[in-house]
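Visitor: This is the structure I want to talk about, given as structure tokens.
The values are calculated or read from the model by the stated rules, or taken from the named source; none is laboratory data. Keep in mind it's a predicted model, so treat the numbers as computed, not measured. Reconstructed Cβ throughout: ideal geometry from the backbone, glycine too, with neighbour counts over all protein chains shown.
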Amino acid sequence: MEKLLAARLHAVKVRPYLASALFALHVVEDRSVPTMAVDAHWRCYASPGFVARTPVEELAGVWVHEVSHLLRDHHGRGERYAREHGEHGPGERLRRNIAADFEINDDIYGDGLPLPAGAVLPSLLRLPSGLLMEEYLRTASMSGLAADLAWLDCGSGADGQVRPWERGPDGAHGLSRQQRDAVRFRVAEGIKGRPGDAPQGWRRWADEAFHPPQPWRQLLGAAVRSAAGAPGVGEDHSYRRPSRRSAGIPGVLLPSLRRTPPRVCVVIDTSGSVSDAELGSALLEVAAISRAVGGRRDLVSVISCDAAAGVAVPLCRAENIALVGGGGTDLRSGFARALR
């Protein structure tokens with residue numbers, strides 16, 4: 001296995017941002033593996049015959065290929081896709097493996113890693129590069145490739161289906177979930193620290209690895225409802241209506257505790273980079289906010305803001321609000337006006 005370890009060193013040399021992940025893999029020699037494969041617990045299974053007949057530079061590319069499956073969580077994503085679509089047979093397993101290879105092979109080769117013969121690329125099916133595994137699975141049947149790629153097997157780390165040669169979660173030298181997440185975090189931090197060294201696909205992965213897109217509409221609605229309906233919100237003593245306890249203390253006027261609905265001010269970015277569709281979406285959210293505060297539109301105002309804040313306009317009908325802007329972007333003035 002010295003040749004395989006030398007290939008790993010070459011992979012680290014040409015892809016230094018993947019060093020933490022490459023060294024986290026534990027090598028297992030196994031003659032039943034077709035070529036090289038990984039499992040979900042970061043073990044790398046290698047066939048001695050495949051290693052012997054493959055040049056070191058190409059083996060380095062295989063190292064990067066296999067560790068890419070693990071970093072991009074193809075195991076978890078493939079398992080989830082199979083469960084949601086009821087696809088558990090060997091043919092479906094091969095489709096997931098091919099789609100996962102499509103996702104990673106379009107930008108990992110070159111710059112010191114030669115493209116190996118037989119590499120699976122999206123261009124084989126005239127598909128665009130840069131898509132995710134799930135997108136390839138939805139857009140292509142891959143039936144035309146199945147017969148030619150029956151040998152393809154990157155292990156459960158590529159598609160979520162356990163292989164006979166794998167040691168499983170209780171086997172030696174496997175990484176726990178926390179350890180796997182720590183490796184991904186170190187790689188993502190390394191890519192973001194030196195973004196010029198990594199391809200666009202890896203930079204996108206690093207941005208989303210630990211900061212996935214959030215359902216902002218649900219989060220915004222929950223925040224507004226929580227702020228408007230929390231105990232004690234808007235409650236204060238008022239002399240507008242005397243307290244009932246005043247009857248027990250002649251000559252003393254006690255204030256009562258009254259609840260005043262909160263006022264909401266919405267700042268909408270109207271700079272030139274915001275499209276009409278996005279502005280329309282913002283107005284829909286304004287209408288939803290007014291419903292969240294009990295339908296009191298007089299309690300909701302809207303400020304248009306690009307490089308400068310506009311006038312706070314009371315909400316009558318969300319669709320009739322005139323949004324003024326089209327310049328640069330500086331929302332600080334909008335927030336300052338909203339807090340007045």
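Visitor: In this structure, does ASP276 turn out to be within 31 Å of the chain's Cα centre (by Cα), closer than 30 Å to GLY328 by Cα and free of Cβ contacts under 8 Å to residues at least 12 places away in the same chain?
Guide: Considered against the rule, which asks whether it is within 31 Å of the chain's Cα centre (by Cα), closer than 30 Å to GLY328 by Cα and free of Cβ contacts under 8 Å to residues at least 12 places away in the same chain, ASP276 comes out as yes.
Visitor: Could you count how many residues in the stretch 268-305 are outside any helix (DSSP H, G or I) and closer than 26 Å to GLY327 by Cβ?
Guide: Residues that pass the stated criteria total 14.
Visitor: Identify the residue in the stretch 96-115 that is modelled with pLDDT under 85 and surrounded by fewer than 18 Cβ atoms within 10 Å (Cβ to Cβ) and, among all such residues, is farthest from ARG203 (Cα to Cα).
Guide: If we take residues in the stretch 96-115 being modelled with pLDDT under 85 and surrounded by fewer than 18 Cβ atoms within 10 Å (Cβ to Cβ), then LEU115 is farthest from ARG203 (Cα to Cα).
Visitor: Moving to a separate point now. Test each condition in (1) more than 18 Å from TRP216 (Cβ to Cβ); (2) surrounded by 12 or more Cβ atoms within 10 Å (Cβ to Cβ); (3) not small (Gly, Ala, Ser) for ILE289 and report the one that comes out false.
Guide: Single failed check for ILE289: (1).
Visitor: Report whether or not GLN218 is at pLDDT below 75, out of contact with any helix residue (DSSP H, G or I) (no Cβ under 9 Å at 6 or more places or on another chain), under 26 Å from LEU284 (Cα atoms) and not assigned by TED's automatic domain parsing to the domain that holds TRP42.
Guide: No; evaluated as a whole, the condition is false for this residue.
Visitor: Let me ask you something else. Taking the condition of being more than 17 Å from ALA227 (Cα to Cα), touching a strand residue (DSSP E or B) at 6+ places or on another chain (Cβ under 7 Å) and at pLDDT 85 or above, how many residues in the stretch 280-308 meet it?
Guide: Number of matching residues: 5.
Listed here are the residues, each with its yes/no results for (1) surrounded by 14 or more Cβ atoms within 10 Å (Cβ to Cβ); (2) outside any helix (DSSP H, G or I); (3) touching a Gly at 6+ places or on another chain (Cβ under 9 Å); (4) in contact (Cβ under 8 Å) with a residue 40 or more places away in the chain.
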residue	(1), (2), (3), (4)
ALA188	yes, no, no, no
ARG203	yes, no, no, no
GLU208	no, no, no, no
GLN214	no, yes, no, no
ARG217	no, no, no, yes
ALA222	no, no, no, no
ARG225	yes, no, no, yes
ALA228	yes, no, yes, yes
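So that you can scan it fast, the table gives a plain yes or no per residue for (1) assigned by TED's automatic domain parsing to the domain that holds PRO169; (2) under 27 Å from GLU135 (Cα atoms); (3) touching a strand residue (DSSP E or B) at 6+ places or on another chain (Cβ under 9 Å):
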{"residue": "THR35", "(1), (2), (3)": "yes, yes, yes"}
{"residue": "GLU58", "(1), (2), (3)": "yes, no, yes"}
{"residue": "HIS65", "(1), (2), (3)": "yes, yes, yes"}
{"residue": "ALA82", "(1), (2), (3)": "yes, yes, no"}
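Visitor: Identify the residue in the stretch 116-127 that is assigned to a loop (DSSP other than H, G, I, E, B) and on the phi < 0 side of the Ramachandran plot and, among all such residues, is surrounded by the most Cβ atoms within 10 Å (Cβ to Cβ).
Guide: VAL120
Visitor: Does the stretch 67-83 hold any residues that are at negative phi, of a type in the set (D, E, K, R) and within 19 Å of the chain's Cα centre (by Cα), and which are they?
Guide: Hits for the stretch 67-83 are ARG72, ARG77, GLU79, ARG80.
Visitor: Which one of these is touching a helix residue (DSSP H, G or I) at 6+ places or on another chain (Cβ under 6 Å), in contact (Cβ under 8 Å) with a residue 40 or more places away in the chain and basic (Lys, Arg): ARG72, ARG96?
Guide: It is ARG96.
Visitor: Which count do you get for residues in the stretch 128-173 that are at pLDDT below 85 and part of a helix (DSSP H, G or I)?
Guide: 5
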